[in-house]
């Protein structure tokens with residue numbers, strides 16, 4: 001898996017975990033320091049900025065606001081957000097190395113098998 005999509009997925013997963021940690025029933029079972037999550041989120045954001053610039057993070061936030069998530073898996077050439085069949089000619093943006101669904105615009109990541 002390419003690094004920038006991996007970092008975006010890690011950030012998205014960490015933000016989802018952060019929402020779980022805020023729940024009282026979760027905190028009583030799995031005490032996770034909020035500061036550790038914040039530090040890791042900032043580390044990921046810094047690394048994303050180094051690789052793709054502020055523009056990638058701005059788009060990430062807009063997609064998250066619009067759809068509740070910013071990046072999804074593709075399986076068998078299908079966007080797992082809008083379930084559109086992706087064109088075989090779909091190529092990653094030269095600048096960012098990211099794929100975007102031409103139908104819904106969400107960032108996409110592929111499994112290693114699909115990249116081959």
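Observations, loosely collected:
- Yes/no for residue 21 being over 14 Å from the mean Cα position of the chain (by Cα), surrounded by 12 or more Cβ atoms within 10 Å (Cβ to Cβ) and not in a helix (DSSP H, G or I): no
- Residue among 36, 10 that is in a helix (DSSP H, G or I) and in contact (Cβ under 8 Å) with a residue 24 or more places away in the chain: 10
- Restricted to region 77-92, and to residues there that are in a loop (DSSP other than H, G, I, E, B) and in contact (Cβ under 8 Å) with a residue 24 or more places away in the chain, the residue that is farthest from residue 106 (Cα to Cα) is 77.
- When residues of region 50-69 are limited to those that are out of contact with any helix residue (DSSP H, G or I) (no Cβ under 8 Å at 6 or more places or on another chain) and not in a helix (DSSP H, G or I), the one nearest to residue 108 (Cα to Cα): 68
- Residue 14 in contact with a helix residue (DSSP H, G or I) (Cβ under 9 Å, 6 or more places away or on another chain) and within 17 Å of residue 106 (Cα to Cα): no
- Yes/no for residue 4 being part of a helix (DSSP H, G or I), more than 20 Å from residue 103 (Cα to Cα) and in contact (Cβ under 8 Å) with a residue 60 or more places away in the chain: yes
- In the condition set (1) surrounded by 15 or more Cβ atoms within 10 Å (Cβ to Cβ); (2) under 15 Å from the mean Cα position of the chain (by Cα), residue 86 is compliant with all but (2).
- Candidates 76, 52, 105, 68: the one that is surrounded by 13 or more Cβ atoms within 10 Å (Cβ to Cβ) and modelled with pLDDT of 80 or more is 105.
The values are calculated or read from the model by the stated rules, or taken from the named source; none is laboratory data. Just so it is clear, the model here is predicted, and its values are computed rather than measured. Note: ideal-geometry Cβ built from the backbone for every residue, glycine included; neighbour counts use all protein chains shown.
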